[in-house]
Amino acid sequence: MKIILKENMKNLGHQGDVVEVKNGYANNFLFPRGMAIMATASNLKMHEENNRQGALKREKMKTDALAMAEQLKEMSITIVTKAGANGKIFGSITPLQVTQGLKNKGFEIDRRKIEIHDVKTLGSYEATLNLHRDVTVNITVEVVGE
């Protein structure tokens with residue numbers, strides 16, 4: 001079944017994309033939650049019109065994301081956490097903690113746009129910030145003990 005996404009979906013596509021999904025997934029999950037609409041002829045026409053009107057807005061969002069990526073390119077943030085004697089931290093570092101570290105430096109970035117994997121020990125890690133559909137930047141996250 002062809003659908004038009006109304007939101008960004010991590011493994012499916014971005015808002016406004018026309019994608020093919022299984023009928024059950026669309027009918028039982030996407031449609032009831034308002035995440036997508038069926039790709040009928042009239043919906044596709046309306047989608048094309050919205051794309052034409054929103055092109056300027058999307059271009060501005062992309063240039064803003066590129067400017068922010070340029071500022072963040074060499075950024076390094078430090079997160080202080082409790083750790084054991086062998087350097088293993090209690091819990092793990094989450095995107096929310098990275099967001100708070102960026103907020104301290106003056107950058108407002110949604111936690112859902114941050115990817116950081118398996119931070120269980122002290123050290124230096126890479127976090128990926130998805131600022132826009134076409135703009136991603138990597139920052140360094142230093143995890144130090146209290």
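The values are calculated or read from the model by the stated rules, or taken from the named source; none is laboratory data. Owing to the predicted nature of the structure, the values given are computational and were not obtained by experimental measurement. No Cβ is skipped: glycine too gets one built from the backbone with ideal geometry, and neighbour counts run over all protein chains shown.
Would you pick out the residues in region 83-93 that are among the hydrophobic types (A, V, I, L, M, F, W, C) and either touching a residue at least 24 places away in the same chain (Cβ under 8 Å) or under 22 Å from T136 (Cβ atoms) (or both)? Of everything in region 83-93, those that are among the hydrophobic types (A, V, I, L, M, F, W, C) and either touching a residue at least 24 places away in the same chain (Cβ under 8 Å) or under 22 Å from T136 (Cβ atoms) (or both) turn out to be A83, I89, I93.
Checked against the criterion of being at pLDDT 95 or above and not assigned by TED's automatic domain parsing to the domain that holds R133, the candidates N28, N50, N43, N11 yield just one match: N28.
Cβ separations smaller than 9 Å between residues 6+ apart or across chains give the following pairs from region 40-55 residues that are in contact (Cβ under 8 Å) with a residue 40 or more places away in the chain to residues that are of a type outside the set (S, T, Y): L44/K2; L44/I4; L44/V18; H47/I4; H47/G16; H47/V18; H47/I37; H47/A39.
Let's see how each residue does on (1) in contact with a Gly (Cβ under 8 Å, 6 or more places away or on another chain); (2) surrounded by 15 or more Cβ atoms within 10 Å (Cβ to Cβ); (3) not in a loop (DSSP other than H, G, I, E, B):
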{"position": "I3", "(1), (2), (3)": "no, yes, yes"}
{"position": "N28", "(1), (2), (3)": "no, no, yes"}
{"position": "K60", "(1), (2), (3)": "no, no, yes"}
{"position": "A65", "(1), (2), (3)": "no, yes, yes"}
{"position": "A85", "(1), (2), (3)": "no, no, no"}
{"position": "S92", "(1), (2), (3)": "no, no, no"}
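Of the candidates E59, E48, the single residue that is within 20 Å of the chain's Cα centre (by Cα) and of a type in the set (D, E) is E59. If the condition is being in a strand (DSSP E or B), closer than 24 Å to K10 by Cα, free of Cβ contacts under 8 Å to residues at least 24 places away in the same chain and touching an Asp or Glu at 6+ places or on another chain (Cβ under 8 Å), then region 94-146 contributes T128, N130, N138. Applying the condition of being of a type in the set (A, V, I, L, M) and under 10 Å from G145 (Cα atoms) to region 67-83 and asking which residue is surrounded by the fewest Cβ atoms within 10 Å (Cβ to Cβ) yields V80. Applying the criterion of being surrounded by 13 or more Cβ atoms within 10 Å (Cβ to Cβ) and charged (D, E, K, R) to the residues of region 110-146, the residue that is farthest from K73 (Cα to Cα) is K120. Would you call M35 within 20 Å of the chain's Cα centre (by Cα) and at pLDDT 90 or above? Yes: the conditions hold for M35. Going through (1) loosely packed, with under 11 Cβ neighbours inside 10 Å; (2) under 16 Å from the mean Cα position of the chain (by Cα) one by one, Q97 falls short only on (1).
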